[in-house]
Amino acid sequence: AQTVTQSQPEMSVQEAETVTLSCTYDTSESDYYLFWYKQPPSRQMILVIRQEAYKQQNATENRFSVNFQKAAKSFSLKISDSQLGDAAMYFCASSTGANSKLTFGKGITLSVRP
Amino acid sequence: EAGVTQSPTHLIKTRGQQATLRCSPISGHTSVYWYQQALGLGLQFLLWYDEGEERNRGNFPPRFSGRQFPNYSSELNVNALELEDSALYLCASSIRVMNTEAFFGQGTRLTVV
């Protein structure tokens, strides 16, 4: 079974600053994938970034990057140059090739201060 | 290109009734997933359909059921509604498996009174 843990329920960041959202996971599979999703007030879940477990290089998408520590089973999201539009709920998630479903953490609410 | 569409946007039912939620995936996507997002509980996996068949099921009672049609659209049915079924129900679609990018709809807010 997979588990995903997001222990921080809320975080706040000043506009233009950098913030890191934490996530840990547990899985017995060797082939798995990790994701960060953003859910703004519109409720639509949007994929922010995706990491294949077999890749050592950390994924990067513009201002978003991850710190993937496989041995520690840690997958944190760094948002650089935070913008007001980054305010949302962020979910960490994992999936395996076997069952395909996404297992989500409980999410973290990020607020951005102008 | 149209995204994942869900209907209705909001649904209010009384306890004991049945609710039917609908989802149309992105064109070319064969897999449809249903998730329940209840307040404070995060997203819980409900069902996965692919090529018309149920492929995986979450830890939910049998009164949660669904189906996938030949055009890959899907229905989620919840029978004998209970107050705790009140939640946002999200549908997602992907090309075959979730390890590729999955796209979510905006959800159906179900309220049971």
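The values are calculated or read from the model by the stated rules, or taken from the named source; none is laboratory data. Just so it is clear, the structure is predicted and the values come from calculations on it, not from any experiment. Positions of Cβ are backbone-derived with ideal geometry, glycine not excepted, and every protein chain shown enters the neighbour counts. Remember, those area values only see protein heavy atoms, side chains included, never the ligands or the DNA or RNA. Shrake-Rupley method; radii C 1.70, N 1.55, O 1.52, S 1.80 Å.
Below, the figures for the structure above:
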read-out	value
Per-residue average of Cβ from other chains inside 10 Å of B:13-19	0
Listed residues B:Ala92, B:Gly16, B:Pro70: farthest to the positive end of the dipole of chain B (Cβ charges)	B:Gly16
List B:His10, B:His29, ordered by accessible area with a 1.4 Å probe, largest first	B:His10, B:His29
Relative contact order of chain A, defined on C-alpha pairs under 8 angstrom at six or more residues apart (%)	38
Partner chain coverage, peptide A:34-44 - average Cβ within 10 angstrom	3
Cα centroid separation, region A:51-114 to region B:37-98 (Å)	24
Restricting region B:39-108 to GluC sites (Glu not before Pro) in coil, as DSSP defines it, with at most 15 other Cβ within 10 Å	B:Glu51, B:Glu82, B:Glu101
Estimated FRET transfer efficiency (A:Thr109, B:Lys13; beta-carbon r; R0 35 Å; 0.05)	0.75
Cut-off 15 Å (backbone N to label point 7 Å along Cα→Cβ of A:Ser7), residues of region A:25-53	A:25-26
Computed accessible area, B:Leu21, all protein chains, 1.4 angstrom probe, square angstrom	0
Solvent exposure of chain A as accessible area per residue, Å², 1.4 Å probe	48
A:Lys101, A:Lys78, reordered so the largest accessible area comes first (probe 1.4 Å)	A:Lys78, A:Lys101
For residues of A:101-109, the mean tally of beta carbons on other chains within 10 Å	5
